[in-house]
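Everything below concerns the one structure shown next.
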Amino acid sequence: APRYVLVFRWQKPTSKIKGTTDASHAGCIRTRKSTTCVVVRLGNHMVQDLSETQGTVRLSSGEAEYAGLVRGAQEGLYVKNLLRFFGRLGEIELETDSSSAIGTVRRLGPGKRLRHVETEFFFLQGLVREGIIKVTKVKGHDNVADLGTKHLAWPRMLHLLRMLAVRIIAAHGATLVPAATAQ
């Protein structure tokens, strides 16, 4: 059985919390629910990740991506509060490859096409408006959250695992995925 090893290289103390999100719309063939993946990094170090089925069926890929962004905000706020407990401040930046989710988070309210979306999701719009969370676009090719939402070819998976400084070591000791060099 291979070992999954996270490599934590030396880095200067940082307050940058980066949450990268992705969602696959209606990815479950049986329920048609979407899957969300969130990867949270503190500087270059991955400190949290999750891949989970969304609680309800989403009517569009934009809605599924926005729900994933909301889940990423929750995880980023958790890490920010954990840092605060230890006396450190944190700045949250969420990354997504979805232009639709970015458009939704930058407006106020549901707009014409998202009136059916639960209003509790719009707390993220307020956090962005207040400057508590920043949302940026990441290229689809460099979205590390793709690891938890879709089947990937080995070269792409290798690229994303290296971005996260992950090593996969086979039972006999050979390194299948060497960690990337320090950035």
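The values are calculated or read from the model by the stated rules, or taken from the named source; none is laboratory data. Model, not experiment: these values are computed from the prediction. Because the Cβ atoms are built from the backbone with ideal geometry, glycine has one as well, and the counts that use them run over all protein chains shown. With ligands, DNA and RNA removed, areas are computed over all heavy atoms of the protein, side chains included. Shrake-Rupley method; radii C 1.70, N 1.55, O 1.52, S 1.80 Å.
Before moving on, here are some points about what is shown:
- Test: residue in the range 66-75 that is open to solvent by less than 30 Å² (accessible area, probe 1.4 Å), small (Gly, Ala, Ser) and modelled with pLDDT of 95 or more: yes
- Of the residues making up the range 34-71, those that are over 12 Å from residue 149 (Cβ atoms) and part of a loop (DSSP other than H, G, I, E, B) are 43, 44, 55, 56, 57, 58, 59, 60.
- Within the range 1-33, considering residues that are part of a strand (DSSP E or B) and open to solvent by less than 50 Å² (accessible area, probe 1.4 Å), the one farthest from residue 97 (Cα to Cα): 5
- Count of the range 76-98 residues which are touching a residue at least 60 places away in the same chain (Cβ under 8 Å), surrounded by fewer than 19 Cβ atoms within 10 Å (Cβ to Cβ) and hydroxyl-bearing (Ser, Thr, Tyr): 0
- Residue count for the range 134-161 under the criterion of being among the charged types (D, E, K, R), free of Cβ contacts under 8 Å to residues at least 60 places away in the same chain and within 17 Å of residue 38 (Cα to Cα): the result is 4.
- The residues on offer are 136, 181, and the sole one that is modelled with pLDDT of 95 or more and under 18 Å from residue 44 (Cβ atoms) is 136.
- For the range 175-183, the criterion of a residue being in contact (Cβ under 8 Å) with a residue 40 or more places away in the chain and either closer than 27 Å to residue 66 by Cα or surrounded by fewer than 13 Cβ atoms within 10 Å (Cβ to Cβ) (or both) is satisfied by at least one position.
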